[in-house]
Amino acid sequence: MKRMLGALSLIVLVSAAGRPAPAAQFTNIAAGTCFGVALRSDGQVYSWGDNQYGQLGAGTYANRSVRGPVNRLTGIIGLDANSFGFVAVKSDGTVWA
């Protein structure tokens, strides 16, 4: 499923060093209320934004203005977000939320 994210997609495609990341590096992006997640082509998930409910998967409630990896969540082949969280499908068919 493709989503039009406007300015949000620009945040995803800029590396932490401020240089543009290759467009092919990310295969899926999704957004919830005040946060976003992106799936890199190697199966690693990245998240950024408001983390009031722990929806970034970082193990904290700290906001993240620059995308960061969602640790312990690898081998992902698809993801989607809703208002307050996201789900990810692993290559083994399990669903993580």
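The values are calculated or read from the model by the stated rules, or taken from the named source; none is laboratory data. This is a predicted model, so every value here is computed, not measured. Glycine also receives a Cβ, built like all others from the backbone with ideal geometry; neighbour counts cover every protein chain displayed. Accessible surface is based on the protein model in full, side chains and every heavy atom, while ligands, DNA and RNA are left aside. Shrake-Rupley method; radii C 1.70, N 1.55, O 1.52, S 1.80 Å.
Consider the stretch 80-97 and keep the residues that are of a type in the set (F, W, Y) and outside any loop (DSSP other than H, G, I, E, B). The one that is most open to solvent (accessible area, probe 1.4 Å) is W96. Looking only at the stretch 52-67, decide whether some residue is open to solvent by less than 50 Å² (accessible area, probe 1.4 Å), within 15 Å of Q25 (Cβ to Cβ) and free of Cβ contacts under 8 Å to residues at least 60 places away in the same chain. Within the stretch 52-67, one or more residues are open to solvent by less than 50 Å² (accessible area, probe 1.4 Å), within 15 Å of Q25 (Cβ to Cβ) and free of Cβ contacts under 8 Å to residues at least 60 places away in the same chain.
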